[in-house]
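**Student:** Before I ask anything, here is the structure I am working with.
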Amino acid sequence: MAVALTAGTAVAVIGAGTMGSGIAHVAARAGHPVALFDAQPAALAKARAAIEKDLAFLVSKGRMADEDAKATLARIRTVSTLSELADAGLVVEAIVEDRDAKRALFRELEGIVAEHAILASNTSSISITDIAAGLKHPGRVVGMHFFNPVPRMALVEVIDGLQTDGVVAEALLATSRAWGKTPVRAKSTPGFIVNRVARPYYGEAMRTLTERAAPSALLDALLRECGGFPMGPCELMDLIGLDVNLAVTTSTFHALGFDRRYAPSLIQQELVRSGRHGRKSGAGFFTYGEGAAAPEIPSELACAAPAAVTAPTHAGPLEPLLARMTANGVSVARLSLDDSAIHVGSARLALTDGRTATRRAAEEGTPHFVTLDLALDFEKTRRVAVARADQCGDAEYEGVVGALQAAGCVVSRVDDIAGMVVMRIVAMLANEAADVVTQGIASAADADTAMRLGTNYPIGPLAWADRLGAKLVAEVLDNLRAHFGEERYRVSPALQRRRWSGGTFHE
Ligand code: NAI
């Protein structure tokens, strides 16, 4: 099958809605003659107007020459029948997300386009194998999953169905690059890469809310300010629409055989039942609209800084905090201990390992135990979160808070839940990405690229696991599993291997 696409290859886009208009735009910008079809003629005019507006914006910002914009628009023709797409070398389908509608369309296309034409679907949740089943040439059916808004989002997931011909997927990888995109390759599985690996960002966050770890505003602040994520999970679900997010979660849960790890949260179901669908309905986790006050983010009051703290020779991830304390006048004495905690008087401060502070206080023989949540960068983080053991005294706790404040951090306290908030969510994201690798759905490099570009995560979950060490991530998950007695926290085989070999996901 001859599948190499050139800029001269005619591209057909079917469905001229949000996604189809964006796909037509980028294909035409790359030089292809584009034919755009929609079952609703009104959608075609709307799409053309939207593309024209996007191009005018690029021209106004000096990112595109006026003549290029005009030429791009001139390459897009709208058509009123499918038979006008006969010359297409690539068809990208972006119609309604309905399996039967997509199958019917592909069957009809088989009778119209040439045998070598590639048939791509922009579906976000339907199996490519399923769409291709029953066609005369299922090998040319492939997923080409763009992200919204298409002209601005760099990522394209190229999806192989069970019968997709390898050269077809490879041709689309090359085509995506030629269109200025960064493609990743994945096998057709529920959620593909991005929508699958991102599930814990919502699900695990809501678990911590169920355990009343922190109010939603603090939870979001921790993921943003400590975790470096562009948006917190609650505000993000409010933006996506709680109903839409719940529908994706539910379909993933069903498609993955009712694995409890993907079970929808009762909190979310209740919000949806009450009509609180997020921003679009004026309320979700937060309230919106005129007069809605910005939610308060709780933090600890100022505590006196200790004159000195004691730390092990190698404090691992907490080393930058010690440097910040030193820079602000706290003297740091070094001890050669196995213990990785920072000692503030008789209190100990340690990065969470998945156990509660209360359990560590009991197991490590000191009542005054405080755990610290994960931060992406302890050198720069403005906020840190702590959890206090039930046995910890007030004065000892305040000493630890004072030491962290002396490092220049705003300190927020979360309830003493196992694994805290950022560590727990990051460990679950890394575990999910590790399962994608285990199951051969995507490479580690592609899984991380997809999460960085598809969701703007600060670094890929597997790069984060490499940075923390597979040993720590697996230990956090093991401790969570022991704490809750739930399968949900089972360690992915790909993470297990690296835990014992000391290997990493990336070189
Ligand atoms: P949309 O509702 O904005 O546009 C769909 C268009 O398809 C409409 O103009 C409709 O008239 C047309 N249409 C429906 N059935 C048709 C048929 N049988 N033949 C021809 N035209 C038909 O939908 P949107 O958001 O653009 O989504 C399209 C596809 O892209 C869906 O499969 C969706 O899951 C997927 N997708 C959507 C993303 C998003 O953020 N909106 C992101 C990635 C994928």
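The values are calculated or read from the model by the stated rules, or taken from the named source; none is laboratory data. Predicted model only: the values in this text are computed from it and were never measured. With ideal geometry, Cβ positions are generated from the backbone for all residues, glycine too; neighbour counts draw on all protein chains shown. SASA here: full protein model, heavy atoms, side chains in, ligands and nucleic acids out. Shrake-Rupley method; radii C 1.70, N 1.55, O 1.52, S 1.80 Å.
**Student:** How far, in degrees from 0 to 90, does helix 18-29 lean away from the longest principal axis of the Cα atoms of the chain, to the nearest 10?
**Tutor:** With rounding to tens, the tilt is 70 degrees.
**Student:** What nm value, rounded to one decimal, do you get for the distance between TYR288 and THR313 when each label is placed 7 Å out toward the C-beta?
**Tutor:** Inter-label distance under the simple model: 5.5 nm.
**Student:** Once both axes come from the Cα atoms, what is the angle between helix 394-406 and the longest principal axis of the chain, in degrees from 0 to 90, rounded to 10?
**Tutor:** Here the helix axis deviates by roughly 50 degrees.
**Student:** Separate question: Please report, to one decimal in angstroms, the Kirkwood hydrodynamic radius of region 41-127 built from all distinct Cα-Cα pairs.
**Tutor:** 15.1 Å
**Student:** Tell me the angle of helix 166-178 to the major Cα principal axis of the chain, expressed in degrees between 0 and 90 and rounded to the nearest ten.
**Tutor:** Here the helix axis deviates by roughly 80 degrees.
**Student:** Follow-up question, since we're still on this one. Can you list the lysines whose alpha carbon is less than 22 Å from that of LYS61, not counting same-chain residues fewer than 8 positions off?
**Tutor:** Partners found: LYS53, LYS70, LYS181.
**Student:** If you roll a 1.4 Å probe over the heavy atoms of the protein chains, what accessible area per residue do you get for the chain, in Å²?
**Tutor:** Ligands and nucleic acids excluded, the result is 41 Å² per residue.
**Student:** I would also like to ask the following. Please express the shape of the chain as an equivalent ellipsoid: the semi-axes are the square roots of 5 times the eigenvalues of the C-alpha gyration tensor, given largest first in whole angstrom.
**Tutor:** 49, 23, 21
**Student:** Right, next: Rg to Rh for region 354-451: what is it, with Cα atoms only and Rh by Kirkwood?
**Tutor:** Radius of gyration relative to Kirkwood radius: 1.11.
**Student:** For region 196-273 and region 3-31, write down the distance between their C-alpha centroids in whole Å.
**Tutor:** So the separation of the two Cα centres works out to 34 Å.
**Student:** Stick to the Cα atoms of region 430-507, pair each with every other, and give me the Kirkwood hydrodynamic radius in Å at one decimal.
**Tutor:** 12.5 Å
**Student:** Carbon and sulfur: what percent of the chain's accessible surface (1.4 Å probe)?
**Tutor:** 53 percent
**Student:** On to the next question. To the nearest Å, what is the center-to-center distance of region 141-172 and region 358-420, using C-alpha atoms only?
**Tutor:** If you average the Cα positions of each part, the centres end up 45 Å apart.
**Student:** Using only the Cα atoms of region 198-281, what are the Rg and Dmax in Å?
**Tutor:** Values for region 198-281 (Cα only, Rg and Dmax): 12.4, 35 Å.
**Student:** By what distance, in whole Å, do the Cα atoms of region 151-291 stretch along each of the three principal axes, largest value first?
**Tutor:** 53, 34, 28
**Student:** Follow-up. Given Cα pairs under 8 Å that are at least 6 residues apart, what percent is the relative contact order of the chain?
**Tutor:** 12 percent
**Student:** Averaged across orientations, what area in nm² does the convex hull of the alpha carbons in region 75-166 project?
**Tutor:** 6.3 nm²
**Student:** Considering only C-alpha atoms, what is the centroid distance from region 476-507 to region 48-65, in Å?
**Tutor:** 48 Å
**Student:** Still on this model: Say R0 is 35 Å: what FRET efficiency, to the nearest 0.05, do ALA154 and VAL244 get from their beta-carbon distance?
**Tutor:** Once rounded, the FRET efficiency stands at 0.95.
**Student:** Hey, what's the per residue convex hull volume over the C-alpha atoms of region 308-413, in cubic angstrom?
**Tutor:** Cα convex hull per residue, to the nearest whole number: 87 Å³.
**Student:** Express the relative contact order of region 59-165 as a whole percentage, based on alpha carbon pairs under 8 Å and six or more residues apart in sequence.
**Tutor:** Rounded, it is 21 percent for region 59-165.
**Student:** Let me ask another. Can you tell me, using C-alpha contacts under 8 Å and at least 6 residues apart, the relative contact order of region 308-413 as a whole percent?
**Tutor:** 29 percent
**Student:** Let me check the size of region 11-188 from its C-alpha atoms; what are the radius of gyration and Dmax in Å?
**Tutor:** Reported Rg and Dmax, both Å: 15.3, 48.
**Student:** With a/c under 1.5 counting as rounded, go ahead and sort region 328-390 into rounded, prolate or oblate using the C-alpha gyration tensor (a ≥ b ≥ c being the square roots of the eigenvalues; past the cut-off, prolate if a/b is larger than b/c, else oblate).
**Tutor:** Here region 328-390 falls in the oblate category.
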